[in-house]
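The structure appears right after this line, and notes come after that.
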């Protein structure tokens, strides 16, 4: 899988009716050579809490196998976490050229 070129924005949304559930919305710019399916995947296994409390995700492009033009376009994805571990203080999303962190309040 190939990472998105760069992150434009990430946003964490909590659902007040469902405590412990949150969604991470990431928007970025992707260089496309074929039709893709953007996804956020965990950067690490996270068997134990990190020292800084940051949960890292990579913003990548999954291939659909269909050819398209050579273009750059905005892509976005929503990643839902059903049970947020208590140690997580923020979410970091990585792209090929940059990354962004959003803290959880």
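No lab work stands behind these numbers, since they all come straight from the coordinates. What you see is a predicted model; the values in this text were computed from it and never measured.
Return a whole-number percent for the relative contact order of the chain, with Cα pairs under 8 Å and 6 or more residues apart as the contact set.
Answer for the chain is 37 percent.
Would you look at the GNM of the chain, springs on alpha carbons closer than 10 Å, and say which of 56, 72, 86 moves the most?
Per the Cα network of the chain with a 10 Å cutoff, 86 tops the list.
What are the extents of the Cα atoms of region 2-103 along their three principal axes, in Å, largest first?
Extents along the principal axes, in whole Å: 44, 30, 22.
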